[in-house]
Amino acid sequence: IKLCESAGIHAWVRDARWSGGSGHMNAMTCIDGTYYIMEAGYTGEAPRSWSVQEADSLYRYTSVDGGVEIFGYSGEELPEILEIPDNIGGEPVVSIGEEFLYGSWDENVKKIIIPDTVKSISDYTFSDLPNLESVEIPASVESIGSYSFKKCLKLTEFIVAEDNPCFSSENGILYNKDKTILIGAPAVAEAEIPSSVTEICGSAFRYNENLTS
């Protein structure tokens, strides 16, 4: 990063823990609209190893059946409205991986829009986003993992597509389609549970600091 700055090129720290290779922090920059990942060795005698590779997206991803799964974000900071892309490199984004943003505690993100190509949201995917208020879930989503919205202390709006066959929402609470299972209520202050509910998921109210009744 210091070398880039000395050359007048802006660069930022990239968390590489889930990207294979060395697994430590490395650097990223953007030049003329193209992103580059810069790696430098940190052991051994000088001159140490180094590499620069082009990146086709700010999202870290891997190939899965039917398309790609995103599992990380390498941008300098997350936007206030995070709109997940519907494809990367011409392949549809069909899954959002485990711990996608978990541990970032990014204060910028207030809304997340999930494209209608995504079928699954994994465990801990959007956890620990303190200012997240709203999530749009399209009709394509078939599964949502455990603790996906853990410690999202302002999340009171789930916007679920009416034609989603698996999920529904009401008054800041996420349910299955026929409202027999209460899945999550991360930030509501009052929860009026309908009589249709026969099961409350184990983590439904966990970490909810607003709940009064």
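Among the residues making up segment 64-93, those that are open to solvent by 20 Å² or more (accessible area, probe 1.4 Å), modelled with pLDDT of 95 or more and part of a strand (DSSP E or B) are V64, E69, I81, E83, N87, E91, P92. Kindly indicate which of P165, P138 is under 26 Å from G66 (Cα atoms) and either open to solvent by 60 Å² or more (accessible area, probe 1.4 Å) or of a type in the set (S, T, Y) (or both). From the options P165, P138, the qualifying one is P165. From the list K111, K154, K150, the lone residue that is over 26 Å from A27 (Cα atoms) and in contact with an Asp or Glu (Cβ under 6 Å, 6 or more places away or on another chain) is K154. Would you check if K110 is of a type in the set (D, E, K, R) and closer than 19 Å to E209 by Cβ? Judged against the criteria, K110 is a match. For L174, the conditions (1) buried (at least 16 other Cβ atoms within 10 Å of the Cβ); (2) among the aliphatic types (A, V, I, L, M); (3) farther than 21 Å from T198 by Cα all hold with the exception of (3). Residues in segment 171-213 that are without any contact (Cβ under 8 Å) to a residue 24 or more places away in the chain, under 26 Å from E107 (Cα atoms) and of a type in the set (D, E, K, R): E190 alone.
The values are calculated or read from the model by the stated rules, or taken from the named source; none is laboratory data. Being a predicted model, the structure only gives us computed values, none of them experimental. All Cβ positions, even for glycine, are placed from backbone atoms using ideal geometry, and neighbour counts span all protein chains on display. We work out accessible area using only protein heavy atoms, side chains counted, and drop any ligands, DNA or RNA first. Shrake-Rupley method; radii C 1.70, N 1.55, O 1.52, S 1.80 Å.
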